[in-house]
Structure formats: C-alpha cells, structure tokens
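Visitor: Have a look at this one before I ask anything.
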Amino acid sequence: MSSTVAVWQRELAGAVRDPATLVRLLNLPQDAVSVQAAQQFRLLVPHSYLARMKPGDWHDPLLRQVLPLDEELRVVEGFNHDPVGDQNALVADGVLHKYQGRVLLVTTGACAVHCRYCFRRHFPYSESNPVKSEWESALAYLREHTDVREVILSGGDPLTLSDERLASFFSQLQHIPHVIRVRFHTRLPVVLPSRIDAGFQQLLAQLPQQKVMVIHANHAQELAATDVHDALAALRASGVTLLNQAVLLRGVNDTVDAQAELSESLFAQSVMPYYLHLLDRVAGAAHFEVTQTQAVQLLDALRQRLPGFLVPKLVREVAGEKAKMPVST
C-alpha cells in the first residue's frame, strides 16, 4: 500500500469548514448559520456531500444534518454530554465493552462530516485513543477476553484512518482466533465515497474474518450519487455484508414518505435497513428530537406500506443496558 496521499485524503483535507463558505456555496443568507454553535462543535462537510444538497433550500434534509444553528446553544433538561454511558463502559484506551461477545473500539475522533446530532460530540477522544499506543492496550484486552467474537470499529469514523493504520491492527488481530468478525460503523461510503478505493478494497480482501459494515444514511437523497452506488458495489464485491443504521431526526426524515424512500433506496443497493434510532439525548441536539409516540406511529404506518424486511428496528440506546433496547410498536 502506498504512502502517498490518496484522493479521498485530499478531498477530506479540502472539505468545507467555514460556515460562511457553506451558506455562500448553497446560496443561503449569512444569518442562516450560527457562528457560535460552529465554534463549540466545528463544521465539516466534504464537497461530495455538499453537491447532493439543493442550493437555496433552507429545509434540505442533508443541510439540516450539518448546519450549525443557535438552537444547539440551548440548555435542555435531560440532554447531557454522555447520553449513552460511554465513559462508564471504557475498559482500556478507546475500548468500550458494553455487550456480551462484542467489543467496540473508538478508533479515532476524526470524521468526514460533523453531524450536529452526534452522540459523541463531547467525547474526550484525546484522552482515550487505542491508536496512540499502536493498538497495544486494545489488543491485550481482546487476547484476555476469549468470549469476544466480534470487534466493532467506531469513532469518530474508523475509515478516516489510513490503510496502513488499519492494516497494522488487522495483521495483529489475525492472531486472536476467537475474534471471528469485524464490524465497521462508518459514514464514509455515504459522505466521502472515494474512500472505498482499490487500496481499501485490497485490505478488505485480505481480512480473513467475517466483514460487516454498518453504514449511516438518514435520507434517500444521501444515496442518490453515482459514486455512492459505486462505493457500495465495491464493498459488496469485497465480501462485506452491508447494513444501515439511521437516526430519526425532526425536519430530516420524520415522515413515512422519507422513511419508505430510504428503505427502498437502501435495498436497491443491497443494503439492509437495520436500525432506526431514537435520538441519543446529547447536549446540543434537542431540536432534532422526535417523540417516542410519534416514532411508534411512524413505524406503524411504514409497516403498512412496506414488506417487513424493509422496516428497520426502532431502538433506543440506554446507558447501562446490555443491548440496544427495542421500542415497542
């Protein structure tokens, strides 16, 4: 694998980080963005994702996910910095062990896009990062816990790590025989599809474990670009099982039409709708919340429109629980 700068790395380096630039490129008024909110949680949007937004449309569902707003500055009761109990689940640098047989690695604080509803927007990445010790503490934990069969790479976004970084981890993981599956939680095939290049495909082909990738698309418009189709096809060709998890977001995908279109678009690209999450109640994201009652009604209507295999599971993550909690519908 080459040490030269890859196309996707150049694209990520050139992503939009200035709020004024974002609204100018989308022909929106300068007062459409909160500079103060962007100072608290930085703006980051790749041009490939920006290109799928509708210029001049304040209500564009992709724009709403990334646009810093004054509403983020409101203090709302019940919304806090660690809504899913990550801090209490840390067992080593960047290692979260919440669920039986599965360990999650917070591999990096870097992402290719900053979603304003991110439940880890306040996570102390600099204090807890398994890569800083060349994965040593994470690998030691995995060796000691022979009941762990699946490693989940999360973040941030694990695909912002270079192929070399990932290959270093995978080469050592091959010597831990009880780990039979690697799962990636990533936004990059959707927001920066150039990441799924030949080098990464080669890396996946050499990975002996079962490979699962949980992508994150919230709206069918995110999947409409040809390069996203190509990236997902390349992943399938590399032997990756593709699932999608979405977050139910007010003003983005909180209608039956939006959810139905998302499920159909996913399945057309051989991605199974997996989870639809109720919003994790992170400080700064209260304006995205859809009530549980509304969510249940939406899923009931969706079930009447689509076959069961296209209806995602409605879930909530509750700090301290041993699995995602299904929301009764």
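The values are calculated or read from the model by the stated rules, or taken from the named source; none is laboratory data. Predicted model, so just to flag it, every value in this text is computed and none were measured. Cβ placement follows ideal geometry from the backbone for every residue including glycine, while neighbour counts extend to all protein chains displayed. Quick note on the areas: whole protein, heavy atoms, side chains included, nothing else; ligands and nucleic acids left out. Shrake-Rupley method; radii C 1.70, N 1.55, O 1.52, S 1.80 Å.
Visitor: Whole number in Å², please: accessible area per residue of the range 1-120, 1.4 Å probe, ligands, DNA and RNA not counted.
Guide: 47
Visitor: If you average the sequence gap of Cα pairs under 8 Å that are 6 or more apart and divide by the length of the chain, what percent do you get for the contact order?
Guide: That works out to 18 percent.
Visitor: Sticking with this one: So for each of 308-315, 205-212, 107-114 I average, over its residues, the number of other beta carbons within 10 Å; can you give me the resulting order with the highest mean first?
Guide: Those peptides, ordered most packed to least, come out 107-114, 308-315, 205-212.
Visitor: What size of dipole, in debye to the nearest 20, comes out for the chain about its Cα centre when the only charges are +1 on Lys and Arg C-beta atoms and -1 on Asp and Glu C-beta atoms?
Guide: Value, rounded to 20: 460 debye.
Visitor: Considering only protein heavy atoms and a probe of 1.4 Å, how much of the accessible area of the chain is carbon and sulfur, as a whole percent?
Guide: On the chain, the fraction of accessible area on carbon and sulfur atoms equals 50 percent.
Visitor: Please list 11-21, 41-51 highest first by mean number of surrounding beta-carbon atoms within 10 Å per residue.
Guide: 41-51, 11-21
Visitor: I'd like to compare 78-85, 162-169: which one has the highest average count of other Cβ atoms within 10 Å, and what's the full order after that?
Guide: 162-169, 78-85
Visitor: Rule-of-thumb check for the chain: C-alpha Rg over 2.2 N^0.38 Å?
Guide: The reported ratio for this selection is 0.96.
Visitor: Quick one: Karplus J couplings for the range 36-49, per residue in order, coefficients 6.51, -1.76, 1.60, θ = phi - 60°, nearest Hz, x for Gly and Pro?
Guide: The phi angles translate into 5, 5, 5, 6, 6, 9, 4, 6, 7, 9, x, 5, 5, 7 Hz.
Visitor: Per residue Cα convex hull volume for the range 57-176, in cubic angstrom?
Guide: Dividing the Cα hull volume of the range 57-176 by its residues yields 128 Å³.
Visitor: What percent antiparallel are the DSSP beta bridges of the chain, to the nearest 5?
Guide: Counting only bridges with both partners in the chain, antiparallel ones make up about 20 percent.
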